[in-house]
Amino acid sequence: MQVSAILNNIELEQFALPEFQRGYVWGREQVRNLFSSLYRQYPVGGFLVWTTQPDPDSLRGDPSQSGAAVKLLLDGQQRATSLYGVMRGRPPKFFQGNARAFTGLHFNIRTETFEFYGPVKMRDDPMWISVTDLFQAGPADVQTLAERAAGSDSHAQPLGGFEILARLMRLLSISGANLHIEEIAGEDRTIDEVVEIFNRLNSGGTKLSKADLALARLCADSPKVRNELLRLVDRWAQAQFPIRLELLLRCVTTVATNRASFNALRKVSASEFDSALKRTAQSIDSLLNLFRGCLGIDHARVFAAPNTLPVLARLVAERGGRIDDARSQQRILYWYMHCFMWGRYSGSTETTTQRDLDVLEESGVDGLIDELNRWRGSLHVRPEDFAGSTIGARFYPLLYILTRANTARNLCDGVPLAQHMLGVGSRLEVHHIFPKRRLYDAEYDRSQVNALANFCFLTSECNKRIGARRPTSYLAHSERKNPGVLKSQWIPEQEPLWPIDQYEDFLSARRGLLADAANRFLNTLLHGGEPLPATTADITAANSLTSDLGEAPGDDEEARDIAEILSIAAMHQIAQPETHHEICDEHGEVLAIADIAWPQGIQPGRTRPVALLLNTDTGTDALEGRYGIIFTSKQRLVWHLEELLRIDIDNDQVIGDPDPASDGSLGRTAS
């Protein structure tokens, strides 16, 4: 099929550009090489399309078009987008990415090379022609461009008007270039089959996921679907609950079909999907309100196990979008907390989700809890479960929940650390009970210094006031001033445990106190007891949840590093990273929990997985070969981003062309 016909089909929506999560990821080098190859009549590869029948309910416009098949462009999206962007002078519909990658492409008539516009080199030089302007020009305009270039040619060996016009016409002939199109047809094709075919044909390039294809098909049926999905994802992200697009799509699938596989969406009409999406959004709102209102989960760092949402969304949607009785709320929270503590969804997410959906349909929440017991063997929290270190530890969210839900008290003034404390100085921060400086001076290593049992939460003002004071000094003072404050924070009250040389014994004692507190709280959820705090949080409120929270709670150094990386990702339109990402072995056993990770790569599907483990107590050598690139410092990760994306992050400048062909590896394990 000719390039011009491909672009016309895209414009007429007969070819649908799938709105994959990764969007447009090509850089200028790829665009330049594409046009250079087409100009020289080199092979540039073909296209793979999936011909699928749209949902009649979603068809718009001329009724005579009813039932017309839609061709989903599976392979060749980047080439088609580049051709469309340069030759049409605008991005195609639903474009997501950096349009600068194909804006300003110029052709040098003399050297027959392609470069992007540079004012010093190209201004006032008629030999440099805007490729976009040329394709938008009429025949008379092309003749004028050729004459102007010929008239200004002062080269020792001028080309002459005929040769200049011939080169311009050769460039324009790209419109007539024939590109091969491979077609997958047949209504019996499942999403699994099409993904398998695509990935076999494209074994050396970007992998297609089932979510990609399901979303592509939905967008072909109803182009507004993706915008609504993204709107919801953005709204929850603003409320400090990062929910990936693929996860939201999984939630809609379970609500609509009670199945975990995206294949189930094949039988869901556009109108049914729209209805399921509304029910899903209401159910997730209800769940997030429950998490925040009862567990105090109010920021991304403690929002663990988001993969529980498809099952929970189904549960809530079947009850009309709300869970009003306290007993059911408590048992839902009990199941959710055990899922993130023990890594229920760290292995095969789809398989586990379907198993839990089947149990839910048969036996409700009680059945889910029984299934956890059978799977885990014991749901009892032990002191050694708090033996991890860093904010990325699996039990870190539990420590935060215990602080919020049990009204732990501030060490400086004894005030309960309630969820809606006012004032910038009242936001919560991680506090090292034994100060880092004192422990490093005593030659403890990083993982010991950042032991989870050495963490408690204080207001930022109190954290600054305590500073690096020795526990023997400030703990005694806090307890005298506010009796019972240490017990409220599960800090051992025995003064012989407070000297620096007793640090290991202190950690052992505190782990025991934390385990006891966790089991008491979980048993209250399971068997009933004192009512939990009222669920007053409102995800749908006009004011973002972040408006009165200040910065996300965390260590004054580590949390700033994490917040900075998240900010960089948002600012430079990098794929949204996951927090609390579990790195697992082939059996689903958790090897480490990353503070931040891009499991599909920073340029999803095109680059290797990347993870940041700050202050880790896990030997990164053990992860080599099981994961892509592991970083243990923020700065190394920033350098990696700059090298991969060709940007100067500190000055917010593009310094070159992104190189998605490279994984940007800086070595085996970057520290």
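The values are calculated or read from the model by the stated rules, or taken from the named source; none is laboratory data. All of these numbers come straight from a predicted model, not from anything done at the bench. Side chains are part of the model used for accessible areas, which takes the heavy atoms of the whole protein and leaves out ligands, DNA and RNA. Shrake-Rupley method; radii C 1.70, N 1.55, O 1.52, S 1.80 Å.
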Notebook entry, point to check: Under 17 Å Cα-Cα from Lys224, which lysines qualify once same-chain neighbours fewer than 8 residues away are excluded?
Noted result: Lys93, Lys278
Checklist line | Full-stretch length increase - Arg382, Glu495 - with 0.36 nm per residue and alpha-carbon distance subtracted | finding: 38.3 nm
Notebook entry, point to check: How would you classify segment 476-521 from its alpha-carbon gyration tensor, with a ≥ b ≥ c the square roots of the eigenvalues: rounded for a/c under 1.5, else prolate if a/b is greater than b/c, otherwise oblate?
Noted result: oblate
Note to self: Rounded, prolate or oblate for segment 228-361? Axes are the square roots of the Cα gyration tensor eigenvalues, ordered a ≥ b ≥ c, and the cut-off for rounded is a/c under 1.5.
What the structure shows: rounded
Notebook entry, point to check: Can you give the accessible area of His380, probe radius 1.4 Å, in Å² rounded to 10?
Noted result: 110
